[in-house]
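Right, one structure below, let's go through it.
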Amino acid sequence: MPTTDIAGAEAFAEKVLGDCVGASACYLAAIGDALGLFTDLAGRGPATSDELADRTGLEERYVREWLAGMHAAGYLSRDADTGRYAIPPEHVPVLAQEAGPLFCGAMFRDSIEKADTFTELLTAFREGGGVALSAFSAQTRETLARFTAPWFENALIEDWLPRMPDVTAHLESGGSVADVGCGRGAAVIRLAKEFPRAQFVGFDLHAGDIEFATDQARAAQVDDRVRFQTLDVTEGLPGHYHVITTFDVVHDAVDPAGMLRAVHDALEPDGRYICVDINCADRPEDNVGPIATLLYAFSLNYCLTVSLAEGGAGLGTCGLAEPVLRRMATEAGFHSVRHIAVDDPFNTLYELAP
């Protein structure tokens, strides 16, 4: 190879090595998240491997190796004199603050758990189709809920709703609200707590999530105004609503156009549809860099494949860029689409009127 080509190959090899190091760090961090090691260190303070193993009821030899690995990756600090490991204070919000604005625990777990369907994904590459929703475990559903929880705990009430006064007015006056693709119900329950006059219903295809959400609403003491129902909304929503929401749902729907039509038809004449979806560009050449890499991986291991498994549109995680949404919304009958700028690397926010 020419000298310049060797230099380029070496530079790329260095980048790939860095990517593999990052994947290894995520693997170690997923172990720490799953076993509560980060939360123990954050809550009870620094520990040696013996102390941490005793506090968590785990095998010391494994704990010792994990601590050394997380220290090597720069996640933990170590006191050479005492042998105690600690989470630096600035790392706590990222590693141990569940549902906080910077929390990354769900991303660590997601990178590992999707290995369960890796072989099925390879089959889909070779033969077509996809990986059906039923192939994903309950743990995957829990991880997805943990990934989205920071949106509802830190942005929905504090940032997004103040930008939509018409929506807020409906909520404050006791309007009816439907959340399509509600998952485990976190958004509905948070809204119900904030707006005690409004009535809420959440729809989802996953019966297990609906059962979980119902239990959570009861625990939060909002079940007098909140209910959940297993439903494929592309066949139509029961009733009419002042506000309908979808949070990170439309792009991985089997029939996104049908979903938008169903939402439009179920809105009251003065109703509003809140669509939160992926912050992405319309052209692949504009979707580059670390966040885009994550999004395309999410697409292959979940969003794209669950749609294709049912013979769906297969938009993929980056498939609902603003021009696509505007076109589909117009075809569904919406007369206006307002793009609301928010400071979020993953999400973008739209308010639609029928």
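What the table below lists for this structure:
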{"read-out": "Residues located in region 126-140, provided they are in a helix (DSSP H, G or I) and surrounded by 12 or more Cβ atoms within 10 Å (Cβ to Cβ)", "value": "L133, A135, Q139, T140"}
{"read-out": "Contacts under 8 angstrom Cβ, first residue in region 258-278 being assigned by TED's automatic domain parsing to the domain that holds R338 and among the small types (G, A, S), partner part of a strand (DSSP E or B) and surrounded by fewer than 22 Cβ atoms within 10 Å (Cβ to Cβ), 6 or more apart", "value": "G271/A353"}
{"read-out": "Qualifying residue in region 157-166 (condition: of a type in the set (K, R) and more than 24 Å from R272 (Cα to Cα))", "value": "no"}
{"read-out": "Matching entry among L144, L122, L156 (being of a type outside the set (S, T, N, Q) and under 14 Å from F298 (Cβ atoms))", "value": "L144"}
{"read-out": "Single unsatisfied condition, F125 versus (1) touching a Cys at 6+ places or on another chain (Cβ under 9 Å); (2) assigned by TED's automatic domain parsing to the domain that holds L300", "value": "(1)"}
{"read-out": "Condition met for F334 (farther than 23 Å from T148 by Cα, of a type in the set (F, W, Y) and buried (at least 20 other Cβ atoms within 10 Å of the Cβ))", "value": "yes"}
{"read-out": "Residue check for D110: assigned to a helix (DSSP H, G or I), more than 29 Å from the chain's Cα centre (by Cα) and acidic (D, E)", "value": "no"}
{"read-out": "Top-ranked residue of region 215-239 - restricted to ones that are within 18 Å of A192 (Cα to Cα) and part of a loop (DSSP other than H, G, I, E, B), ranked as nearest to the chain's Cα centre (by Cα)", "value": "A220"}
{"read-out": "Output for region 188-214, where each listed residue is part of a helix (DSSP H, G or I), closer than 22 Å to L267 by Cα and touching a Lys or Arg at 6+ places or on another chain (Cβ under 7 Å)", "value": "A192"}
{"read-out": "Residue, nearest to A115 (Cα to Cα), within region 324-348, restricted to residues that are in a helix (DSSP H, G or I), touching a residue at least 12 places away in the same chain (Cβ under 8 Å) and not β-branched (V, I, T)", "value": "L325"}
{"read-out": "Test: residue in region 75-88 that is within 25 Å of the chain's Cα centre (by Cα), within 30 Å of F136 (Cβ to Cβ) and either not in a helix (DSSP H, G or I) or not aliphatic (A, V, I, L, M) (or both)", "value": "yes"}
{"read-out": "Filter pass, A29 being at pLDDT 95 or above and surrounded by 15 or more Cβ atoms within 10 Å (Cβ to Cβ)", "value": "yes"}
{"read-out": "Within region 95-119, tally of residues that are within 15 Å of F38 (Cα to Cα) and either out of contact with any Leu (no Cβ under 9 Å at 6 or more places or on another chain) or buried (at least 20 other Cβ atoms within 10 Å of the Cβ) (or both)", "value": "12"}
{"read-out": "Subset tally (residues that are within 19 Å of H240 (Cα to Cα) and in contact with a Ser or Thr (Cβ under 9 Å, 6 or more places away or on another chain)) for region 203-226", "value": "3"}
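Matching residues to (1) buried (at least 19 other Cβ atoms within 10 Å of the Cβ); (2) among the hydroxyl-bearing types (S, T, Y); (3) more than 20 Å from G208 (Cβ to Cβ):
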| site | (1), (2), (3) |
| --- | --- |
| D223 | no, no, no |
| R227 | no, no, no |
| T230 | no, yes, no |
| Y241 | yes, yes, yes |
| V249 | yes, no, no |
| D252 | yes, no, no |
| P256 | yes, no, yes |
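The values are calculated or read from the model by the stated rules, or taken from the named source; none is laboratory data. All values derive from a computational prediction rather than experimental measurement. Heads up, the Cβs are rebuilt from the backbone with ideal geometry, glycines too, and the neighbour counts pull from every protein chain shown.
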